[in-house]
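What follows is a single structure, written as structure tokens, with notes after it.
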There are 2 protein chains.
Amino acid sequence: MSFADHIRACNSVDRARVVPLIAGGRRIGWLRHDNAAALAPYRDAFAVDGDAVRLVASGDADRVSAAVDAVVEALVAENRVPKWRNETFDVMARWGETPIFRLDRGAVPFFGTRAYGVHLNGCVREGGGLKLWIGRRAPDKRVSPNKLDNIVAGGIGNGHGIVATLYKEAAEEAAIPAPLIERAVPVGAVSYCMETELGIRDDVLFLYDLDLPADFVPRNRDGEIVEFELMAAEHVIERVRTSDDFKFNVNLVMLDFALRHGLIAVDDPEYLDVASGLHRPLD
Amino acid sequence: MSFADHIRACNSVDRARVVPLIAGGRRIGWLRHDNAAALAPYRDAFAVDGDAVRLVASGDADRVSAAVDAVVEALVAENRVPKWRNETFDVMARWGETPIFRLDRGAVPFFGTRAYGVHLNGCVREGGGLKLWIGRRAPDKRVSPNKLDNIVAGGIGNGHGIVATLYKEAAEEAAIPAPLIERAVPVGAVSYCMETELGIRDDVLFLYDLDLPADFVPRNRDGEIVEFELMAAEHVIERVRTSDDFKFNVNLVMLDFALRHGLIAVDDPEYLDVASGLHRPLD
């Protein structure tokens, strides 16, 4: 592995293998050709042609969501979408706009709608060294079981904002109390677009750094993380460079952290791959 | 003005208005159609067709540079390139590779070869507030006279590395002594590609942050900066948002700084424009 390998893995989408999902004249998703073809029978909700799929269900978010849910139910029965996760993500062309509909999280890659998450870097500074709290994902996680992860990370469910998601996940995943998480500093976002078995993951991760007291120990409450380890930040970056131990997108979060904190030398042959590869332009 | 306006201004290149400059099968520059056409007579150095311009001068960097210099001399005489600046930039497809030739800085936009620079954010932290030393460019500067600038910034001339350029410019532009500049932390790079009157600026700026002692006062030695002012970082960002007072590319450097230091709120409508707009992918 190399830094650039991780960046490439997260940006594997090939425009020749997808068609846009259009609503109101604007792109809201990417459908792989097989997934687009699978929508052809559901003419009440989608219009499929060779170049694009158009959302034709109309009305407010409740009505469009109901129409899309009926299609998702059929897709689950056809084994094209994994079973319902009963957690919905807002769908819109651009972050901050009024959602067009809500989509079950399990169906998001099928439609290739953009998903948003929050990742927190939990830092400890002592004796001049910079350390990071790193979690290990539970073996029963659907995505990336057993992989290393941020101290706190989660998708932004419908109706939840960035900050509310951060606070909720910080409490559930690492038992970080509110007075502590309030000190978290927003430090940007990484973005990537990859093909997976299910379809397209077009993700934006909002990033926070939090300096934690040396005596704070994270404690998982929701069963998603099985253990935490405090690692030297330099060791984390070397492990990113040489292994596949971290969840695919957490590699990008760690590289962004490393870059911002001067942990990658400017004469590293991959310096510009990292500096220019973590923020895929959002169209 | 808005944050996104500054990002758009620095990314104004339109692929329909340029052709690639090719050397050894790889792109090393972008030529506007008028500039490409102007190279047609110089068949010893360049081969022009409708889709591309190929470097045909061959040999080591000295020989190729001499062949290109002869063309640049003619272009200066034709008033297509401003007068010689007698400072040369290395030209190569990718940073870190062996240079193919050296090009006078004044001719870089004509050929649209990628240029590299170093910018330093000079920070002062006192009483909980974050401040930035901001310079004002001299009125006789060719590019962006009288505009606000970083405390230290400069192009990376041929044969000079990133660190050597930082040290040299820190001494010349702000009289920052070596023991102080050694503490500067590399924090990434911004990249953009814009059309200017002369051609295409395809730039990468390596960025550093430096925490300066409260009693340090920068002093310019090379006449390029006429005054320095210590400004509250929040005021700097608001001025970026609402004015055109900063040099075009320094707006991007300030936005990157603001993002990394939590100075832009996550609910700012332009948050993702900034987070995804400062790192144009390098092809």
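Once both labels are positioned 7 Å from their Cα atoms along Cα-to-Cβ, the gap between B:Ser243 and A:Arg183 label points is 3.5 nm. Sorted shortest first, the separations between the B:Asp244 label point and its copies elsewhere in the assembly read 5.2 nm; each point sits 7 Å from Cα along the Cα-to-Cβ line.
Our summary gives chain B a relative contact order of 21 percent, counting only alpha carbon pairs under 8 angstrom and 6 or more residues apart. For chain A, the longest principal axis of the Cα atoms and the long axis of helix A:233-242 meet at an angle of about 50 degrees. Each of A:Leu31, A:Val13, A:Met1 was scored by the projection of its Cα onto the charge dipole of the stretch A:1-94, and the greatest displacement toward the positive side belongs to A:Met1; charges sit on the C-beta of Lys, Arg, Asp and Glu.
List for the stretch B:238-283: residues with 20 Å² or greater reduction in accessible area, all protein chains versus chain alone, probe 1.4 Å? The answer is B:Leu259, B:Arg260, B:Gly262, B:Val266, B:Tyr271, B:Leu272, B:Asp273, B:Ala275, B:Ser276, B:His279, B:Pro281, B:Leu282. Judged by the gyration tensor of its Cα atoms, with axes a ≥ b ≥ c, the protein assembly as shown is oblate; a/c meets the 1.5 cut and b/c is at least as large as a/b. For the stretch A:173-190, which residues drop by 50 square angstrom or more in accessible area between the chain on its own and all protein chains together (1.4 Å probe)? When all protein chains are present, A:Pro186 each give up 50 Å² or more of accessible surface.
Rg and Dmax of chain A, both derived from C-alpha coordinates alone, stand at 19.5, 64 Å. If a spin label sat at a point 7 angstrom from the Cα of B:Ser2 along the line to its beta carbon, the backbone N atoms of the stretch B:245-279 nearer than 15 Å would be those of B:267-277. Only one residue of B:Ile100, B:Pro41, B:Gly117 has its Cα farthest out toward the positive end of the dipole of the stretch B:29-123, where Lys and Arg carry +1 and Asp and Glu -1 on Cβ, and that residue is B:Gly117. Rolling a 1.4 Å probe over the heavy atoms of the protein chains gives the stretch A:148-283 an accessible area of 37 Å² per residue.
Charging the Cβ of each Asp and Glu at -1 and of each Lys and Arg at +1, and nothing else, the dipole of chain B about its Cα centre rounds to 480 debye.
In debye, nearest 20: dipole of the stretch B:99-154 around its Cα centre with unit charges on the Cβ of K, R (+) and D, E (-)? List each step's numbers first, then the result.
Numbers: 10 positive and 4 negative charges, 14 e Å.
So the magnitude is around 60 debye.
In the frame of its principal axes, the stretch A:204-283 has Cα extents of 38, 31, 24 Å, reported largest first.
Taking the stretch B:131-277 on its own, what percent of its Cα-Cα pair distances exceed 29 Å? Tail fraction, whole percent: 14. Placing a label point 7 Å from Cα along the Cα-to-Cβ axis, A:Arg54 is separated from the same position in the other copies by 4.5 nm, shortest listed first. Helix B:61-77 and the long axis of chain B differ in direction by around 90°, with both axes built from C-alpha atoms. Ranking A:Val91, A:Ala77, B:Val163 by how far each Cα lies toward the positive end of the dipole of the protein assembly as shown (charges on Cβ) leaves A:Ala77 at the top. Relative contact order, whole percent, for the stretch B:115-232 stands at 38, derived from Cα pairs under 8 Å and 6 or more residues apart. Using only the alpha-carbon atoms, how far is helix A:248-260 inclined from the longest principal axis of chain A? Give it as 0 to 90 degrees, nearest 10. Taking Cα atoms only, the helix is inclined about 50 degrees. With a Förster radius of 56 Å applied to the beta-carbon distance between A:Glu227 and B:Arg142, the computed FRET efficiency rounds to 0.45.
Using a 1.4 Å probe on the protein heavy atoms, what percent of the accessible area of the stretch B:35-152 belongs to carbon and sulfur?
Here it works out to 46 percent.
In nanometres and ascending order, the distances from the A:Glu97 label point to those of the other copies are 3.9 (point 7 Å from Cα along Cα→Cβ). Per the accessible-area calculation with a 1.4 Å probe, the total area buried between chain A and chain B rounds to 2200 Å². Rg over Rh for the stretch B:41-147 works out to 1.13, using Cα positions for both radii and the Kirkwood form for Rh. In the full protein context, the stretch B:1-124 carries 44 Å² of accessible surface per residue, based on a 1.4 Å probe and ignoring ligands, DNA and RNA. Based on C-alpha pairs under 8 angstrom that are at least 6 apart in sequence, the stretch A:172-261 has a relative contact order of 28 percent.
The values are calculated or read from the model by the stated rules, or taken from the named source; none is laboratory data. Please read these numbers as outputs of a predicted model, since none were measured by experiment. Positions of Cβ are backbone-derived with ideal geometry, glycine not excepted, and every protein chain shown enters the neighbour counts. Calculation scope for accessible area: heavy atoms of the full protein, side chains included, ligands and nucleic acids excluded. Shrake-Rupley method; radii C 1.70, N 1.55, O 1.52, S 1.80 Å.
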